[in-house]
Amino acid sequence: MTLDKELDRIFAARDRANMQPTIDALLPLLASNPGNARVLYEVGGAYDTAGKEETALGFYENALAAGLKGDLLRRCYVQYGSTLRNVGQYAKSSAVFATARTEFPGSPSLGVFEAITLHAAGRPDEAIASLLDVVVDFVRSPDIDRYKSAISGNAAYLRSLDGRGTPPVAESR
């Protein structure tokens, strides 16, 4: 069985409420493939789901350094950025999402999770503005299409707020 098929098999059998058997099944694959980007990512994800975020972070970082590509890279960015948020590293989480959104501009999930980070970091106006951007960019319906300009204008307005719910005051010179 190929490594990818074995990883797929392990994850098909996982129980999110009890991740230890999944972790136990992944560790021998990690031992025999210590530099494999997908193995590192999947081990990180298993620890993350098990609530061991600090352990997961190192695996995500190693997976990124090992050269994840394509959809696995996008998924790793979502999970890594979210885990950083969960452990209170908001600035680093925001930086991960900024990088990820540049690499994957067509990913609505990155925009949604970036907005969650912005909210957690005490930037609710920017969070809502980011979610409005996701709606404009990714929701396709006649009702949304009709109001895209207004939705974008509201996003810009929310970004102009200074965090206290009021527009910034212009300095007089």
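The values are calculated or read from the model by the stated rules, or taken from the named source; none is laboratory data. Computed from a predicted model, the values in this text were never measured in an experiment. No Cβ is skipped: glycine too gets one built from the backbone with ideal geometry, and neighbour counts run over all protein chains shown.
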- Query: How many of the residues making up the stretch 93-146 are polar (S, T, N, Q) and more than 23 Å from E54 (Cβ to Cβ)?
  - Reply: 5
- Query: Taking the stretch 1-46 on its own, how many of its residues are of a type in the set (S, T, N, Q), surrounded by 11 or more Cβ atoms within 10 Å (Cβ to Cβ) and either on the phi > 0 side of the Ramachandran plot or assigned to a loop (DSSP other than H, G, I, E, B) (or both)?
  - Reply: 2
- Item | Lone qualifier among A129, A121, A150 - being over 26 Å from D71 (Cβ atoms) and surrounded by 19 or more Cβ atoms within 10 Å (Cβ to Cβ) | A129
- Message: Given the condition modelled with pLDDT under 95 and in a loop (DSSP other than H, G, I, E, B), answer yes or no: does some residue in the stretch 154-161 qualify?
- Response: yes
- Query: Is it the case that A170 is at pLDDT 95 or above and either over 16 Å from F97 (Cβ atoms) or of a type outside the set (F, W, Y) (or both)?
  - Reply: no
- Query: So is L84 crowded, with 17+ Cβ neighbours inside 10 Å, aliphatic (A, V, I, L, M), modelled with pLDDT of 95 or more and closer than 22 Å to E103 by Cβ or not?
  - Reply: yes
- Message: On the basis of being touching a helix residue (DSSP H, G or I) at 6+ places or on another chain (Cβ under 9 Å) and surrounded by fewer than 20 Cβ atoms within 10 Å (Cβ to Cβ), does V96 make the cut?
- Response: no
- Message: Would you confirm whether or not the stretch 73-87 contains a residue that is touching a helix residue (DSSP H, G or I) at 6+ places or on another chain (Cβ under 6 Å) and basic (K, R)?
- Response: yes
- State which residue pairs qualify: first residue among the small types (G, A, S) and inside the stretch 32-61, second residue part of a loop (DSSP other than H, G, I, E, B) in any location, beta carbons under 8 Å apart, and separation of 6 or more residues or different chains. G35/A66; A37/A66; A37/G67; A37/L68; A37/K69; A46/R14; A46/M19; A50/M19
- Candidates N18, N36, filtered to the one that is under 26 Å from T102 (Cβ atoms) and among the polar types (S, T, N, Q): N36
- Query: Which one of the conditions (1) of a type outside the set (A, V, I, L, M); (2) at positive phi; (3) touching a residue at least 12 places away in the same chain (Cβ under 8 Å) does F97 fail to meet, given that it meets all the rest?
  - Reply: (2)
